[in-house]
Every structure is written in C-alpha cells, then in structure tokens.
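Below is one structure, written out as structure tokens; comments come after it.
The values are calculated or read from the model by the stated rules, or taken from the named source; none is laboratory data. A quick note: this is a predicted structure, and the numbers were derived from the prediction, not measured. All Cβ positions, glycine included, derive from the backbone under ideal geometry; neighbour counts span all protein chains shown. Just the protein is used for accessible areas: all its heavy atoms, side chains included, with ligands, DNA and RNA removed. Shrake-Rupley method; radii C 1.70, N 1.55, O 1.52, S 1.80 Å.
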Amino acid sequence: MLQYQVQAKTFNHEPIVQDTLSYQEYKGTVVDIETDEPLVFASLNVANTNISTVTNSEGQFVLKIPKSIDEQQIIVTFLGYQERWIRLSELNGEENIIALTMLVTELPEVMVGEADNPGMLVEKMLSNKAKNYIDYPTLMTAFYRETIKKRRRNVSLAEAVIKIHKTPYTSNRDDIVSLYKARKKTDYERLDTLTLKLEGGPYNTLHVDLMKYPEYVFSDLFMNYYDFEMDKSTRINEKLVYVVRFKQKPNVVTPLYYGRLYIDAETYALVTGVYNLNVENRKVASDLLVRKKPKNAKVYPTEAVYRVDYRQNNGKWYYGHSNVQLEFKINWKRKLFNSVFTLQSEMAITNWESDKDYERPKGKERLKRTAIIPDEAEGFLDPDFWGKYNVIEPEKSIESAIKKISRQIERDKK
C-alpha cells in the first residue's frame with residue numbers, strides 16, 4: 001500500500017543546465033465539439049512514433065516534435081469520443097483548438113452473453129496480461145509532476161523528467177526509475193511551515209499501473225472481496241470497450257477500492273482504470289496512507305483517487321499515463337480551524353524505446369523508493385530548462401502560483 005508522510009522540511013536551490021535540440025512546439029486545447037468544454041487527460045500521439053503527451057485539467061497541451069518529423073500526423077483520443085487524425089501541416093505553432101465528437105455506442109448482441117459475467121471479464125483481463133502487454137524491457141522517458149494545494153491555493157510544485165527502466169509485464173521484477181532533471185517551488189508561509197511529502201514520488205504514480213502491479217488492488221485474495229457489475233459500454237480509439245464497475249462487498253471491513261475498468265472487448269486488455277480508495281474509516285485509512293505526521297496534529301485522508309491510461313503500439317499495450325489525487329485534513333491541537341491540503345501527482349510517458357540489451361541501473365543511478373522529488377529538485381532558475389522534453393502544460397492557476405511564489409522567495413532573499 002502506498003504511503004505518504006507529513007512533516008516540516010526546507011529546500012536548497014541550485015542552478016541547472018539548459019538542454020536544447022531542434023524541435024517544433026505546438027500548443028492548443030482539446031474540447032468537446034458540442035459544448036466547447038475542455039477534455040482532461042486527452043492523449044496526443046505522433047503517428048508511427050512513440051512521442052506523446054496528455055492534456056492538463058484545462059484541456060491544454062504542449063507537444064514538442066523534432067523538426068525532422070514534418071509530414072506526420074497527430075492522433076488525438078479521449079475516452080468515449082471519436083479519435084481524430086490531424087496533419088502537422090494543419091497546425092500552427094501558437095494556439096490550436098482540436099474538437100472531438102462524442103460516440104454513442106450500442107452493445108452488439110454477440111457480446112451480451114459475455115457481458116452477463118463482469119467478474120469473469122476482469123479475470124480474463126488479468127489472465128491475458130502476457131498476450132496483451134509489452135513482453136520485452138523498455139526504456140521510457142516520462143514527465144512527472146506533483147502539486148500541493150492548501151484549500152484552493154497552489155503552494156508547492158515539483159516537476160521532473162525521469163527515465164523508467166520498465167521490465168516486461170510478465171516479469172516479477174519491479175520497474176526502476178532514474179531521475180534526469182527536476183525543478184520545484186514552494187511557498188512556505190502558506191504551508192504554515194508544514195510540507196506534505198510525497199514519499200516515493202514517481203513510484204507512487206508508477207504503481208497505479210494496474211496490469212504491472214495488480215497486487216495493490218486485485219490480488220488473488222482481494223478479488224473475492226469485490227462485487228462486479230456491468231456499466232454502459234463505450235468506444236476508445238474506435239474499439240468497443242466493456243465498462244465494469246467494482247466495489248468492496250458490504251461485509252468487508254478492510255478499506256479497498258471502488259471504480260470503473262474500461263476493458264477492450266476483443267482482447268480483454270485494460271485500456272483505462274479510474275478508481276478510489278474507500279476512506280470512510282478515517283483511522284484505518286490514515287494508517288494506510290499516512291506514514292509520518294506532526295505530534296500536535298491529527299491527519300486523515302478524505303479522498304484518494306487514482307487513474308491509469310494505456311496506449312497501444314503494434315498490437316501491444318503499455319503504460320501511458322497515471323494520476324493520483326489525495327486530500328488530507330489536518331486537525332491541529334489548540335487551533336480553532338483545521339487545514340485541508342490536496343496532493344496531486346501525475347506521470348505521462350512521452351517517449352520510449354526497446355531496451356533489449358537491458359542493464360539495470362545500479363546504486364546512485366536509481367531513484368530510491370523513499371525519494372522525495374522536491375528534495376532532489378534544483379529550482380526554477382532556467383527559463384529554458386525543459387528544452388526538447390514534452391511536459392504536461394501547467395494550468396493557469398499553477399503558472400500564477402509559480403510567479404507569486406517566485407516573488408515571495410526573491411523578497412525573502414533581500
């Protein structure tokens with residue numbers, strides 16, 4: 001079970017080195033064609049490559065593509081919408097509005113009988129892992145971000161480009177993460193000298209990869225503790241997808257998960273998983289998620305939400321994006337008002353390649369499972385820090401928070 005710790009912490013700021021390459025940058029927003037509402041976590045993939053990114057919570061994206069790729073197309077996909085192919089020549093470098101059309105799906109009669117047994121569909125999903133998912137080592141480049149909000153105000157932001165040495169889905173060996181570069185900002189006044197620390201950082205989001213780490217949610221023991229039922233089917237990337245809802249049985253005391261699994265109807269591959277941890281029992285949920293806390297406070301989670309999305313290449317699926325959102329309430333002794341903090345971490349695979357000559361990183365090359373990204377980060381001092389690397393476009397509120405935090409830090413130096 002993933003855990004997080006709450007304690008005071010200070011950080012140092014060091015200069016960083018710029019990374020440049022010849023690339024073209026495309027910006028834009030993905031929206032619903034009828035409502036103009038932004039589509040959150042829509043995927044954008046460059047056809048015939050492993051280059052990709054996802055939209056942020058406002059539907060915005062930035063996609064950086066080497067200038068040598070100029071005749072290619074971008075594939076834009078979103079859960080329950082018709083995919084769209086767009087030539088790079090049709091996009092400008094500034095602001096592009098990409099509208100997607102919602103799909104209305106009827107369940108074919110040939111699938112009705114199979115859909116009568118949702119528990120069996122989940123078992124097929126798990127048992128078909130070897131056939132459906134990448135069966136060789138890969139080296140993935142990923143963008144990782146974690147933010148902390150005090151109520152609605154952003155007070156901390158850490159971002160990193162990382163390398164994931166991903167083992168085959170059939171392997172019992174865990175994936176290994178190495179840190180390439182990172183940056184952060186923190187507003188200590190609004191944190192009330194308290195920093196919520198995402199111990200494990202990228203590993204927390206990586207372990208949301210349900211098909212690689214099913215033991216966190218669907219171990220052999222836990223499977224018997226869930227009820228499964230069918231929801232209305234949909235389409236993803238033009239493919240029919242079963243939607244299975246799950247929740248813990250009423251007589252199960254241990255906090256488990258509830259949510260939806262989107263399962264490809266042809267191959268039984270998991271395409272998307274969206275689920276929550278049951279936090280109704282505050283004490284038990286706190287024991288599960290909170291590793292360390294201040295002596296003068298009670299800390300308990302009020303929400304724990306997880307999401308994982310997979311992508312397909314040459315008939316094989318692989319981990320593409322995951323998001324974790326946790327909300328904690330802190331009741332301070334001898335204080336009238338409590339504090340509410342939201343911690344969000346997300347990771348998107350932006351490129352990958354086969355790593356058949358696999359050499360596992362050793363010693364200091366590995367990011368420790370207990371590592372805390374802000375401890376490793378070096379500041380926002382270089383405006384061209386990210387160079388060629390694809391990142392998730394910051395929300396406007398985060399950009400504003402960064403500016404305010406930067407001004408506060410500059411004032412503190414004087």
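Numbers at a glance
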item: Heavy atoms of Trp386 accessible to a 1.4 Å probe, total area in Å² rounded to 10; result: 20
item: Area of Ile69 that stays accessible when all protein chains are in place (1.4 Å probe, Å², to 10); result: 40
item: Extension gain, Lys239 back to Asp220 (0.36 nm per residue minus Cα-Cα distance, nm); result: 3.9 nm
item: Cα→Cβ-extended label distance, 7 Å offset, between Val274 and Lys388, nm; result: 3.5
item: Heavy atoms of Lys388 accessible to a 1.4 Å probe, total area in Å² rounded to 10; result: 70
item: Violating pairs (Cα-Cα greater than 29 angstrom) within the set Lys185/Lys295; Lys124/Lys368; Lys64/Lys292; Lys184/Lys316; result: Lys124/Lys368; Lys64/Lys292; Lys184/Lys316
item: Above-threshold pairs, the threshold being 26 Å between Cα atoms, out of Lys149/Lys212; Lys247/Lys283; Lys247/Lys329; Lys166/Lys232; result: Lys149/Lys212; Lys166/Lys232
item: Probe 1.4 Å, all protein chains present, accessible-area order of Glu71, Glu346, Glu280, largest first; result: Glu280, Glu71, Glu346
item: Inter-label distance, nm, simple model (7 Å from Cα along the C-beta direction), Lys249/Thr35; result: 3.7
item: Chain lengthening between Lys131 and Gln82 when straightened (0.36 nm per residue, less Cα-Cα); result: 15.0 nm
item: Residues Ser354 and Lys27, FRET efficiency given R0 of 22 Å [Cβ-Cβ distance, rounded to 0.05]; result: 0.10
item: Cut-off 9 Å between beta-carbons: net charge of the residues surrounding Gln325, Lys and Arg +1, Asp and Glu -1; result: -2
item: Heavy-atom accessible area order for Asp355, Asp135, Asp220, largest first, 1.4 Å probe; result: Asp220, Asp135, Asp355
item: Difference of contour (0.36 nm per residue) and Cα-Cα distance, Ser286 to Arg152; result: 46.0 nm
